[in-house]
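What follows is a short report on a single structure.
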Amino acid sequence: MSREANNRFKRELFDEDHGAVREGFRRFLLKEIQPHYAQWERDGIVPHEVFEGLGDSGYLCMAVPEEYGGQGLDDFRFSLVLTEECLALGMTALASGIALINDVALPYFLDYSTEEQKRRWFPDMVAGRLITAIGMTEPSVGSDLAALRTTARLDGDAYVVNGSKTFITNGINADLVLTAVKTDPGNRHGGISLLGIERGMPGFERGRNLEKLGQHAQDTAELFFNDVRVPCDNLIGTENQGFVHMMTNLPQERLSIANSAVASSRAALEWTLAYVKERIAFGKPIGTFQQSRQVLAGLRTEIEIAQIFIDRCTTLHLTKELTAEQAAMAKWWCTDLQGRLMDQCLQLFGGYGYMTEFPIARAWADARIMRIFGGTNEIMKEIIGKAEGLSG
């Protein structure tokens, strides 16, 4: 969020500690990330050592307790701060990679890891030496997690894993993939388990770094498992309870996506407001035209409404009161808003909005996935509808 936007809209969600982290992280981004980010977009990946720099500076896995090398900052608001600052600078891919580690993967390890697993993995996760990913989505399965086909057959002291995953965020960089597998193929929901599959395990291979419409610097890959022997010590949580574990943690993931959508929308609106004040047409700044004013007024209003809702959901999440349907509402509403806003803001840039040298073009492309991952928005509406007793 820009300082100008902060002055216009006072948020009560954060305190001085969050403000200090925000300022420090912004300085880090400007010094360590911004000079290289365009090259990483061209390369299609953020180098692994960048995450080590993030870890050294204290921005990864902040919720890990001090006894395992973390800071013990079990406060989701710190994650929001990091995301918002990345997106204010147009670094969508970096925001996604960090959020995947801090908001999506880490809660599973915090909630379900054994003591031995925590001591084995947490120090390197905090330091950025061990990058995590989530292996849920499979070809031809999509949002129907219960239909996954990757199997894990118990053989002595190990599970033998066969199958594949696709669209895996951090898929190339990941050193530890929390992987959803079928340990009881005959049981649709009750036969899923979570395994930690590590880099270098024989039979674990990565496909290509997938070429995407947007978020180019965010490595997204296919993963393949061919008779991978995963020690039973790498079972995360309870066998055959993986679906329950996933459903428990998905609301935070969806709230994180919703917050990203609002933060990205706010940044895009700020760029557009600056542009329409400078761009002259027919002798006047285009922002002075009635149509432009009304479009921007509507977008500003919708952002502020969405921000209030997100902050309310975050407050509920901090007290463990956020429901699955509330998280679904936040995810679909805010990402739908993001899509509309990006399109209207790009339109106000005219032909320049179509040029990738302008951040609005990149943000427009980056935004399209937001209505798909974390569960499509159609699935979000199903969750909300069923919560209202409207199941078919």
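The values are calculated or read from the model by the stated rules, or taken from the named source; none is laboratory data. Here the structure is a predicted model, which means the values were calculated and not measured. With ideal geometry, Cβ positions are generated from the backbone for all residues, glycine too; neighbour counts draw on all protein chains shown.
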- Taking the condition under 30 Å from LEU145 (Cα atoms) and at pLDDT below 95, does ASN259 pass? no
- Item | Test for LEU223: is it part of a helix (DSSP H, G or I), in contact (Cβ under 8 Å) with a residue 60 or more places away in the chain, hydrophobic (A, V, I, L, M, F, W, C) and surrounded by 21 or more Cβ atoms within 10 Å (Cβ to Cβ) | no
- Would you mind stating whether GLU49 is outside any loop (DSSP other than H, G, I, E, B), crowded, with 19+ Cβ neighbours inside 10 Å and of a type in the set (D, E, K, R)? no
- Residue count, the range 197-212 (criterion: part of a loop (DSSP other than H, G, I, E, B), acidic (Asp, Glu) and farther than 21 Å from ASP366 by Cβ): 0
- Give LEU194, LEU255, LEU250 a once-over and let me know the one that is under 18 Å from LEU100 (Cβ atoms) and assigned to a strand (DSSP E or B). LEU194
- Which residues, counting only those in the range 338-370, are closer than 16 Å to ALA93 by Cα, touching a Lys or Arg at 6+ places or on another chain (Cβ under 9 Å) and surrounded by fewer than 20 Cβ atoms within 10 Å (Cβ to Cβ)? THR356, ALA365
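Let's see how each residue does on (1) surrounded by fewer than 24 Cβ atoms within 10 Å (Cβ to Cβ); (2) in contact (Cβ under 8 Å) with a residue 60 or more places away in the chain; (3) among the β-branched types (Val, Ile, Thr):
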position: PHE78; (1), (2), (3): yes, yes, no
position: THR92; (1), (2), (3): no, yes, yes
position: GLU116; (1), (2), (3): yes, yes, no
position: PRO123; (1), (2), (3): yes, no, no
position: ASP157; (1), (2), (3): yes, yes, no
position: SER164; (1), (2), (3): yes, yes, no
position: PHE167; (1), (2), (3): yes, yes, no
position: ASP175; (1), (2), (3): yes, no, no
